[in-house]
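Scroll down for the structure; my scribbles are underneath it.
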Amino acid sequence: MLKGEVAVPELHYGKDDCPVSVSDSFPKDVELNFEIELIEFSKIKARTTVINEAQSWENPRDLYEVKARVSAKAGDGQPLQLPTTGEPIMFTFGKSEVPKGLEMGIGTMSRGESQYLSQSPPIPSVEGIEEVHFEVDLIHFIQVRDVLGDGRLIKRRIRDDKGEFTIDFPLQDCRLRVHYKGMLNNEENRVFFYDTRVNNHGQPLEFSLGEGLVPEGFEMCVRLMLPEEISLYFTFLSFIS
């Protein structure tokens, strides 16, 4: 059928192509007429059922570093031992490091949430087992963002904030107090070239957004942060100097 189509098929119980099963006592020679309207359809994704509610609103996205515990069972409830089950797994979201169906299901979850992933085409199959189900606990994830989309400025959140997303972002002309460390990476270790807690007598840097008192790249970083958040930014020195 096509979307919006209405059809009246004729079926008999007991025929090979009849999708409805009945008890042996039901008269199977009776003709059935169904009027069916196909309202909507879409490609099936991972079917999920929430077991424990989430502790936050945010979902993992591409580049996020995810930590989850995954257990698997066959359709009859028999536990399965798979590479993704047992100890917590860590992976980068969007990098195909776990089966597609698992990643799709985890992408609908938030921190602290538990879900039951039912069998569907994206869920990985196991040879010799007709039906596989997963229980997933999303333990933690770290926000990682390609701020500009070209790899020049990567943000990795180290400590969560205490604000409301978008509402508490600093706006133009806001007065900010910021502690920061500047580091140069080489093959052996990190070299600190500036630390406000050391080089500024322990005092944070104070400035207002939009005044041009700090490099554009530095200002772009703090515009994407919330109060008490700590993030690590990877960029080129020329972009923040």
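Taking region 30-55 as the range and being assigned to a loop (DSSP other than H, G, I, E, B) and at pLDDT below 70 as the test, the residues that pass are 42, 43, 44, 45, 46.
Take residue 228 and decide whether it is exposed (fewer than 14 other Cβ atoms within 10 Å of the Cβ), at positive phi and among the charged types (D, E, K, R). Taking the combined requirement at face value, the residue satisfies it. Restricting attention to region 204-222, does a residue exist that is in contact with a Leu (Cβ under 8 Å, 6 or more places away or on another chain) and under 30 Å from residue 49 (Cα atoms)? Checked region 204-222: no residue is in contact with a Leu (Cβ under 8 Å, 6 or more places away or on another chain) and under 30 Å from residue 49 (Cα atoms). Looking at residue 59, is it exposed (fewer than 10 other Cβ atoms within 10 Å of the Cβ), at pLDDT 65 or above and among the polar types (S, T, N, Q)? No: the conditions fail for residue 59.
The values are calculated or read from the model by the stated rules, or taken from the named source; none is laboratory data. Fair warning: this is a prediction, and the values are worked out from it, not measured in the lab. FYI the Cβ positions are ideal-geometry reconstructions off the backbone, even for glycines, and counts take in every protein chain you see.
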